[in-house]
Structure formats: C-alpha cells, structure tokens
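The values are calculated or read from the model by the stated rules, or taken from the named source; none is laboratory data. Owing to the predicted nature of the structure, the values given are computational and were not obtained by experimental measurement. Heads up, the Cβs are rebuilt from the backbone with ideal geometry, glycines too, and the neighbour counts pull from every protein chain shown. Just so you know, the surface numbers come from the protein's heavy atoms only, side chains and all, with ligands and any DNA or RNA stripped out. Shrake-Rupley method; radii C 1.70, N 1.55, O 1.52, S 1.80 Å.
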Amino acid sequence: MADLLSFTLLSLSSIIIVVNPLAATLIFVSLTGSMDQAARLKIAREASQFALAVLLIFTFGGGWILQIFGISVEAFRIAGGILLFGIGMDMVYAKTSRTKMTATEKYEGQDADDIAIMPLAIPMISGPGAITSVIVLMNEAIEMGVVAIAVVPIASVTAIGITYYMMKNADVIVRRIGQREYRAVNRLMGMLLIAIAVQFIIVGIKAAFPLLAGGST
C-alpha cells in the first residue's frame with residue numbers, strides 16, 4: 001500500500017507539473033484574446049479532448065511503440081529524465097520550454113483556423129515531456145499490478161481536467177495572478193520537476209547497470 005501510494009503521488013505530481021495547466025492557460029488567453037466567449041470555450045474543450053486522447057494513446061501504446069523502434073525502457077527513462085530536467089530548468093528560470101511551444105508556433109497559431117489542436121493540445125498541453133512521463137510511469141505500473149495501471153490514465157485525466165477548468169475560467173485566473181506570482185509558482189513547480197527527472201534518471205541507470213545498484217548480472 002505504501003508503494004502504491006507513493007506511485008500515485010508521483011504519477012499525479014509529475015503529469016500535472018509537466019502539463020503545467022497554468023502556463024497552458026496563459027498561452028490560451030494570448031491566442032484567444034480576440035475571440036468571443038463561445039469560441040474560447042469551444043477551443044478549450046477541443047484542446048483538452050485532443051490532448052487527453054494523445055496521452056491515453058501513449059499511456060496504453062507507448063511500450064509497443066518503443067518495441068517497434070527497438071528502444072529499451074531503461075534508455076527511454078534516462079532520455080525522458082534528461083528531457084524533463086531541461087523543462088524543469090526552463091521553468092525555474094521562468095522561460096517557456098522549447099519543447100512546449102516555439103515563438104513561431106505561437107505566431108502561426110494566432111492565424112490558424114483550428115488552434116485547439118496546434119499549438120494548444122500539441123505541444124503545449126500534451127508535449128514530449130507529458131508523453132515521456134506517461135510511457136515511463138505506465139511501464140512501472142505494469143510491474144506493480146492492475147491497481148497501479150489504473151493510476152496513470154486517472155492521473156492524465158486529472159491533469160487535463162485541471163487544465164480545462166483553468167482555461168474555461170481563464171479570465172478570472174488571469175485577473176488574480178500577476179506575472180510575479182506566476183513566476184514564483186512556475187519556479188517551485190520547476191524544482192519539483194527537476195527532482196522527479198533526476199529520480200527517473202537514477203532508476204533508469206540502476207536498471208540498465210545492475211552492478212551500480214549492488215545487483216548481479
């Protein structure tokens with residue numbers, strides 16, 4: 001039960017942090033500022049639905065995708081940890097991660113007919129960091145049993161649900177959160193994400209090199 005609780009907390013925290021609902025909401029506001037309320041709600045709903053679909057596809061099919069390309073879970077865990085570490089560093093220094101959205105994608109998104117899918121759903125909400133997290137977490141869950149397997153998709157639904165709620169109420173949130181408060185929260189979440197990333201790397205290295213963990217070949 002203790003391991004399951006720890007895994008549940010890890011799954012919720014890592015997915016929510018890397019999805020970063022607050023940053024997604026601020027980008028949503030900047031892209032939809034000239035639209036009416038009905039159009040904004042439609043975009044928020046469609047972006048959330050598409051982002052959730054992407055995360056669930058990689059949650060349940062990520063391991064199979066890795067097998068097709070001959071990538072070991074250990075290698076993906078280490079690479080994913082490095083990626084999350086970079087995202088966390090960008091958050092600590094109050095930057096928009098380059099794995100989330102580039103300036104070009106944001107500019108193009110303003111004139112797109114459907115910004116819900118690009119750039120909001122991908123790469124802002126369900127970007128490489130989130131995809132990496134669900135694949136790694138699901139692989140760990142499979143070793144823990146059925147209950148743990150259910151935790152990862154539930155964590156994904158929770159993260160997207162929070163994101164949708166915040167985008168739906170973006171006007172209220174933006175009025176109450178200034179740039180200084182946003183940077184403070186973002187930096188705190190970045191520190192947590194860095195710690196999670198380092199843990200991913202440590203576990204991956206120990207699995208790839210059992211001797212480092214005191215095991216036998």
*Translational D in µm²/s for the chain (Stokes-Einstein at 4 °C, 1.567 mPa s, Kirkwood Rh from C-alpha pairs)*: 73
*asked:* Please report the carbon-and-sulfur percent of the accessible area for the chain; probe 1.4 Å, protein heavy atoms only, DNA, RNA and ligands left out.
replied: 66
*What ³J(HN,Hα) values, in whole Hz, does the Karplus curve 6.51 cos²θ - 1.76 cosθ + 1.60 give for region 195-204 when θ = phi - 60°, with x put for Gly and Pro?*
4, 5, 4, 4, 5, 4, 5, 4, 5, x
*asked:* I need to check one value: relative contact order of the chain, counting alpha carbon pairs closer than 8 Å and at least 6 residues apart, in percent.
replied: 42
*Just read off the accessible area of residue 165 with the full protein assembly in place, 1.4 Å probe, to the nearest 10 Å².*
150
_Over the chain, with the other protein chains present, what is the accessible area per residue in square angstrom, probe 1.4 angstrom?_
52
*asked:* Using the Cα centre of the chain as the reference point, and only Cβ charges (+1 on K/R, -1 on D/E), how large is the resulting charge dipole? Debye, rounded to the nearest 20.
replied: 560
*Which of 150, 116, 27, positive extreme of dipole for the chain (C-beta unit charges)*: 27
*How much solvent-accessible surface does residue 72 expose, in Å² to the nearest 10, with a 1.4 Å probe and all protein chains in place?*
60
*asked:* Looking at the chain as a GNM with Cα springs under 10 Å, which of 174, 18, 152 has the largest mean-square fluctuation?
replied: 174
*In order through region 173-180: 3J(HN,Hα) via Karplus (6.51 cos²θ - 1.76 cosθ + 1.60), integer Hz, x for Gly, Pro*: 5, 5, 5, 9, 10, x, 4, 5
